[in-house]
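This report refers to the structure that appears directly beneath it.
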Amino acid sequence: MDHGGAPGRLLIIGGAEDRRCGAGALERFVELCGGAKARIVLVTTATGKPGQAVAEYDQVFRRLGVRHVQELRISGRSYADSSEAAAALDGATGVFFSGGDQARLGTLVGSRINDQLSELLAAGLVVAGTSAGATALGRTMILGGDGAEVSTATVRTGPGLGLMPRMLIDMHFGERGRLPRLLSAVALDPHRLGVGIDENTAICVHQDTFEVLGSGVVSVVDAERATVVHAASDVDAITLFDVRLHLLPSGCLFDIGTRTPTIGPAHARY
């Protein structure tokens, strides 16, 4: 499909999104994909229950007027590099990555499908991810980790799909107390913005700006100008000076290039 050469959008959801008709991030996704004319590909690689995920999302997308929803279940690298998988994206106006275990999405990293998604996004495709499907959209994805300390041992990371390369994305953020984990990840890679997204909350990214929508808050950690001193041991606390933290509720905007938050119109549309 010809997307007209206009750059696409990313909708990155913190998980547990409202799936009622007419509410929140999924409605925005369908709207961006073309409404009733949308052609959505649902990538179920991350979930251990793909049949359930397909049934649930197919139901909500159809309630929102979408007639064409297709599953793309990638179980191994050979399939991620195949012509058959690539053909599944032909004609798609939107791709949605379900939640689950983000480690399973590692099979897509650097694959033919990964390259194709990057090209289609640049040409106008809309890509969304929730929970595990959200963190995988960064160049580096958070695979796990917990704890109250800001330390190397608090977070595990791996290569991501690189569709949002300047961000480290964490999800279920406020609900699971993940600020130490995100700070630990940013301390390991201070040039990337840390973006923690609450449940039923999302950021809609267009070029160098994102808008916050949903019922929770997006936490942005900026350590670009911070002083970072790593401890001798992985379990010892990392020293961090001059880290900037922004809390953005619905309607706020963030300029990724200048790393500047603003209070935008509550119903901004790009």
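Since every read-out is calculated from the coordinates, none of them should be taken as a lab result. Small disclaimer: the values here were computed from a predicted structure and weren't measured. Cβ sites come from the backbone with ideal geometry, for glycine too, and all protein chains shown count toward neighbours.
Just a few scattered comments:
- In the chain, the DSSP-assigned H stretches of four residues or longer account for a calculated mean residue ellipticity at 222 nm of -6000 deg cm²/dmol, using -39500 (n - 2.57) per stretch and the full residue count as denominator.
- Region 157-270 - Rg over Rh from alpha carbon coordinates, Kirkwood radius: 0.97
- GNM flexibility winner over the chain from 86, 185, 232 (Cα, springs under 10 Å): 232
- Calculated P(r) of the chain - Cα pairs past 22 Å, %: 53
- Whole-angstrom gap from region 165-244 to region 14-81, using each part's C-alpha centre: 26
- The radius of gyration of the Cα set in region 19-82, together with its Dmax, comes out at 12.7, 38 angstrom.
- Region 70-198, relative contact order in percent, only Cα pairs under 8 angstrom and at least six apart counted: 20
- When the Cα positions of 184, 154, 42 are compared along the charge dipole of the chain, 42 comes out farthest toward the positive end, with charges on each C-beta of Lys, Arg, Asp and Glu.
- Fully extending the segment from residue 83 to residue 233, taken as 0.36 nm per residue of separation minus the present Cα-Cα distance, adds 49.4 nm.
- Rg to Rh quotient for region 29-129, alpha carbon positions, Kirkwood Rh: 0.94
- With the simple model of a label 7 Å out from the Cα in the direction of the Cβ, residue 37 to residue 260 spans 3.6 nm.
- Cut-off 14 Å between beta-carbons: net charge of the residues surrounding residue 225, Lys and Arg +1, Asp and Glu -1: 0
- Highest GNM mean-square fluctuation among 20, 181, 73, for the chain modelled with Cα contacts below 10 Å: 20.
- Largest GNM mean-square fluctuation among 45, 239, 93, using the chain with Cα springs under 10 Å: 239.
- Three-way shape label, region 96-165, alpha-carbon gyration tensor, a/c 1.5: prolate
- Structural descriptor for the chain: relative contact order 19 percent, calculated from alpha carbon pairs under 8 angstrom and at least 6 residues apart.
- Charge tally for residue 104 (other residues, Cβ to Cβ under 13 Å; Lys, Arg +1; Asp, Glu -1): +2.
- Sites residue 156 and residue 225 - FRET efficiency at Förster radius 30 Å, r taken between beta-carbons, to 0.05: 0.70
- Highest to lowest packing among 206-219, 147-160, 50-63, 94-107, scored as the average C-beta count within 10 Å: 94-107, 206-219, 147-160, 50-63
- Note: relative contact order over region 169-270, using C-alpha pairs below 8 Å and six or more positions apart, is 23 percent.
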